[in-house]
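These notes are about the structure you will find just below.
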Amino acid sequence: MTARGCPADLSYPALIGRTAPSASARTPRPSPEDTVPTTYQVLVNHEEQYALYPAVRALPDGWTPAGFTGTEDECAAHVDAHWTDTRPLSLRASTRGGV
């Protein structure tokens, strides 16, 4: 026991010299999509909203391919060119009095 009444291995001096884990030990590993160039596909949902999604993954429910694949930048440019009104289809229809 130390003078403080704690076992020697739990006393304050035993903590001196210990350091916090390094940043690399705390940082999660990047996913393969972060380190390997990924081909994306442009998806569209029933509200005519667009999304970029890795082409190798199974399609999420409610989304269908819009017919375009490429790099993230190419897909983003395609979406920018084709999705000129970003309001959902239901909102556009309600403000026009129908589709």
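The values are calculated or read from the model by the stated rules, or taken from the named source; none is laboratory data. If you're wondering where the values come from, they're calculated on a predicted model, not measured in any experiment. Cβ sites come from the backbone with ideal geometry, for glycine too, and all protein chains shown count toward neighbours.
Key figures
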item: Candidate set: segment 41-78, residues that are β-branched (Val, Ile, Thr) and in a loop (DSSP other than H, G, I, E, B); chosen: the one surrounded by the fewest Cβ atoms within 10 Å (Cβ to Cβ); result: Val56
item: Identity of the residue in segment 88-99, over 23 Å from the mean Cα position of the chain (by Cα) and part of a loop (DSSP other than H, G, I, E, B), that ends up farthest from Pro37 (Cα to Cα); result: Gly97
item: Selection status of Trp63, of a type outside the set (Gly, Ala, Ser) and free of Cβ contacts under 8 Å to residues at least 24 places away in the same chain; result: yes
item: Any hit, segment 79-87, residues being modelled with pLDDT of 95 or more, part of a helix (DSSP H, G or I), under 21 Å from the mean Cα position of the chain (by Cα) and surrounded by 11 or more Cβ atoms within 10 Å (Cβ to Cβ); result: yes
